[in-house]
Amino acid sequence: MKILAWNCRGLGNPRAVRALRGLIKDEDPDIIFLSETKCKSPEMEKIRQKLGYANRIYVECRGDGKRRRGGLAFLWKDSGLLALNSLSENHIDLGGMDGGGTSKWRITGVYGHPNEDEKHKTWSLLAGLNNPNLPWLCFGDFNEILMQQEKRGGSPKPQNSIDSFSRVVHECDLTDLGFTGYPFTWSNNRGGGDNVQERLDRFLANSSWLAIFPWNRVRHLHKRHSDHLPILVDSTNSGLAVQCKSRKKLWRFEKAWLRTPESEEKLKRAWVKWGGPGCGLRLSLVCQSMGRALHTTTTELKKQIEALKAQLEELMENSHDKEAIEQIKGITGEIEDLEAREEEMWY
């Protein structure tokens, strides 16, 4: 079971949705939790349909226009997998169901109160949700760190706030599942001495969850669109996992070649080359010829994307001045543009 959690900071523009689609294409999560969607339910429903997930639960954002705040969404594939336990503006709690409709484990997506004087509400929420009788996985943007080392730049965090978060984690028998990847999940995207980065997003599990899901690999994924990194947990024992067949990709000929200036000439050459057979066979042979060329194009795109991701990771790890922050923004945009081109070729 793979779960993706991301504070997407709004899904109101095509680039944000494209970034989410890229994540789904790369990671194929079974369950997605999104915070700060800044969307109303009808808008989220359109996005869900584009993403191809069958099931959903939404918490609408507050306000309108540029004053929109909050908004949560859970999306998942298997219609019999999850059922709603409770929700609020700051959480959605779901039960993992067995065949008889009984909850056998729980997952909770959390968006912690960002204001210092309201963070106690997040800790009260977690304490109220705690049920030691069920395996529990809790995740999202908690808007707090568990130790001072989880912050780079700026003034130290108030220790009493860190202690309050640590206390409720301990009282709920929760364990931080750790991670691989870049150590901080949020950045204020400022340069030099003004740059602040923190690990605000994480996966927490109680001992009952770890007993039935002992394999939990958490990854901090590459930066996309938002000032928060997406995070992903894979609770599958890879040694026992059943390998699912990949969905067959269909070639979208028209859009794939719209951006390629030489495509018309290639098409003409292919049409002349296969001029002998009947129309149906001729079209098939032309498509095969163009498809091979398209495969070469997508391979090159993948190489460019991976090279940019490596460059992005190095910049995030080693450089924090103003120039580097601008480079990070530029490379993130380049990756999104290349992924958009790649997406146009296949569906």
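Computed from the coordinates by the stated procedures, all read-outs in this text should not be read as laboratory data. It should be emphasised that the depicted structure is a prediction, and the values quoted were computed from it without experimental measurement. Cβ: placed from backbone, ideal geometry, glycine included. Neighbour counts: every protein chain shown.
Things to note:
- Around the amide H of THR185, modelled in the peptide plane, lie the amide H atoms of GLU198, ARG199, LEU200, ASP201, all under 5 Å away and 5 or more residues distant in sequence or on another chain.
- GluC sites (Glu not before Pro) restricted to DSSP loop in the range 80-150 with at most 15 other C-beta within 10 Å: GLU89
- Considering the range 146-206, its Cα convex hull presents a mean projected area of 4.4 nm².
- Charge dipole of the range 2-234 about the Cα centre (unit charges at C-beta), most positive-ward option of ALA73, VAL17, TRP209: VAL17
- For the range 36-46, backbone phi angles converted through the Karplus equation (6.51, -1.76, 1.60; θ = phi - 60°) give residue-by-residue couplings of 6, 5, 6, 10, 7, 4, x, 5, 5, 5, 5 Hz, Gly and Pro being listed as x.
- The alpha carbons of the range 1-127 give a radius of gyration and a Dmax of 14.7, 45 Å, in that order.
- P(r) histogram, all alpha-carbon pairs of the range 2-234 included - 10 Å bins from 0, percent: 7, 34, 39, 18, 2, 0
- Potential lengthening of the chain between LYS46 and ASN189 amounts to 48.5 nm, from the contour at 0.36 nm per residue minus the alpha-carbon distance.
- The 3J(HN,Hα) values that the Karplus relation (6.51, -1.76, 1.60; θ = phi - 60°) gives for the range 168-185 are, in residue order, 5, 4, 5, 5, 8, 6, 9, 10, 5, 7, x, 5, 10, x, 4, x, 10, 9 Hz. Gly and Pro appear as x.
- Once you reduce the range 55-115 and the range 178-197 to the center of their Cα atoms, the two points are 27 Å from each other.
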